[in-house]
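S.K.: Following this message is one structure expressed as structure tokens.
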Amino acid sequence: MQTFDFTANENDVNRIDKTITKNFSELTRSRIQNLIKHGNVLVNGESTVNRYKLSVGDYVQILIPDPEPTEVIPEKMNLDIIYEDDDVIVINKPQGMVVHPAPGHKNGTLVNGLLAHTPLATINGEFRPGIVHRIDKDTSGLLMVAKNDDALISLSKQLKDKTTKRRYLAIVHGNITEDSGKIDAPIGRSKKDRKKMDVIADGRHAVTHFKVLKRFGEYTLIECILETGRTHQIRVHLKYIGHPVAGDPLYGPKKTLKGHGQFLHAALLGFKHPRTGEELVFEIEPPKIFQDQLKRLDNKE
């Protein structure tokens with residue numbers, strides 16, 4: 001069981017569900033209300049109700065039960081394997097594929113397919129075996145996966161230390177006039193829509209670098225390099241500067257380029273091999289739908 005706790009101060013005097021939502025962005029308000037309903041939120045050692053208003057000095061404990069075990073079923077798939085050895089496997093994930101099982105996506109994920117192909121590291125838990133980092137369902141491109149626990153520890157540390165290389169291609173709305181730039185803006189759960197992330201003052205540090213590759217008038221092709229790896233980081237940051245990713249159903253406008261989600265592709269991935277220390281760098285072209293869209297924009301121009 002996971003436990004969060006805090007002692008209420010003057011900024012926490014509010015309904016308990018609202019205060020917990022503010023203090024713990026990883027918990028949705030509906031999840032918090034459900035935890036309260038089932039007696040998993042204690043105030044001064046006793047269960048409470050959603051409408052309870054906190055007072056300064058109240059001691060709050062949030063008890064999050066371990067998820068009920070659910071078997072992740074291996075599924076045979078035609079995986080686009082770019083590289084593989086005894087420690088690491090690099091996959092070109094297609095657009096439309098979820099990386100690992102979650103509510104609403106128990107089957108058909110990359111992890112389901114990988115488990116039918118090879119054993120994976122286990123220390124991430126049953127639902128995320130081997131997963132070092134994710135890319136969104138409708139983002140295509142390169143992903144590194146650990147086949148054993150030592151590899152997972154090494155690759156995760158490289159991500160934390162910002163020594164990996166990750167470069168993305170994106171078609172965005174509008175004409176970016178600068179040739180390059182840096183977006184340094186903290187990201188957290190949106191205060192208005194819990195399904196979205198947003199740039200917020202109390203969010204987590206997030207930095208994205210971008211460079212313009214080609215301008216098409218109403219759209220721009222750019223490359224993005226991640227300095228940090230927050231949820232939906234590129235999509236949120238590009239919306240923040242007024243150039244949302246084309247086709248993005250969550251952060252972009254309704255009038256956009258036709259496709260199957262955002263035109264965002266993880267084109268380059270580099271890291272040190274967890275066993276040998278060799279520098280490995282992989283590049284992959286964007287999928288056909290992305291390349292065809294670029295040709296149409298070229299012709300239109």
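S.K.: I'd like to verify a number: residues in segment 254-301 that are under 25 Å from HIS243 (Cα atoms) and part of a loop (DSSP other than H, G, I, E, B), how many?
M.R.: Within segment 254-301, residues that are under 25 Å from HIS243 (Cα atoms) and part of a loop (DSSP other than H, G, I, E, B) number 15.
S.K.: Pick out the one residue from GLU223, GLU279, GLU283 that is within 19 Å of HIS173 (Cβ to Cβ) and of a type in the set (Asp, Glu).
M.R.: Working: GLU279 fails: within 19 Å of HIS173 (Cβ to Cβ); GLU283 fails: within 19 Å of HIS173 (Cβ to Cβ).
So the residue among GLU223, GLU279, GLU283 that is within 19 Å of HIS173 (Cβ to Cβ) and of a type in the set (Asp, Glu) is GLU223.
S.K.: From ALA121, ALA185, which residue is closer than 25 Å to ILE241 by Cβ and small (Gly, Ala, Ser)? So that I can check it myself, show each step before the final result.
M.R.: Details: ALA121 fails: closer than 25 Å to ILE241 by Cβ.
It is ALA185.
S.K.: Looking only at segment 78-125, count how many residues are among the basic types (Lys, Arg) and touching a residue at least 40 places away in the same chain (Cβ under 8 Å). Spell out the reasoning first.
M.R.: Just the residues of segment 78-125 that are among the basic types (Lys, Arg), to begin with: 93, 106.
Next cut, touching a residue at least 40 places away in the same chain (Cβ under 8 Å) only: 93.
The number of residues fulfilling the criteria is 1.
S.K.: Of the numbered conditions (1) buried (at least 20 other Cβ atoms within 10 Å of the Cβ); (2) touching a strand residue (DSSP E or B) at 6+ places or on another chain (Cβ under 6 Å), ASN175 fails exactly one; give the number of that condition.
M.R.: Looking at each condition in turn, ASN175 falls short on (1).
S.K.: While we're looking at this one, here's another question. List the strands (runs of 3 or more DSSP E) that sit entirely inside segment 1-93 and contain at least 3 residues that are of a type outside the set (Lys, Arg) and farther than 28 Å from ARG230 by Cβ. Steps first, answer last, please.
M.R.: Details: elements: 2-7, 41-43, 59-64, 81-84, 88-93.
Here the list is empty.
S.K.: Does segment 156-168 include one or more residues that are surrounded by 18 or more Cβ atoms within 10 Å (Cβ to Cβ) and touching a Cys at 6+ places or on another chain (Cβ under 6 Å)?
M.R.: Yes: segment 156-168 contains one or more residues that are surrounded by 18 or more Cβ atoms within 10 Å (Cβ to Cβ) and touching a Cys at 6+ places or on another chain (Cβ under 6 Å).
One line per residue, one yes/no per condition, for (1) assigned to a strand (DSSP E or B); (2) charged (D, E, K, R); (3) at pLDDT 95 or above:
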residue	(1), (2), (3)
ASN175	no, no, yes
GLY188	yes, no, no
LYS192	no, yes, no
LEU213	yes, no, yes
THR231	no, no, no
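The values are calculated or read from the model by the stated rules, or taken from the named source; none is laboratory data. The structure displayed is predicted, hence computed values, not measured ones. Quick reminder, even Gly has a Cβ in these numbers, built from the backbone with ideal geometry, and neighbours come from all protein chains shown.
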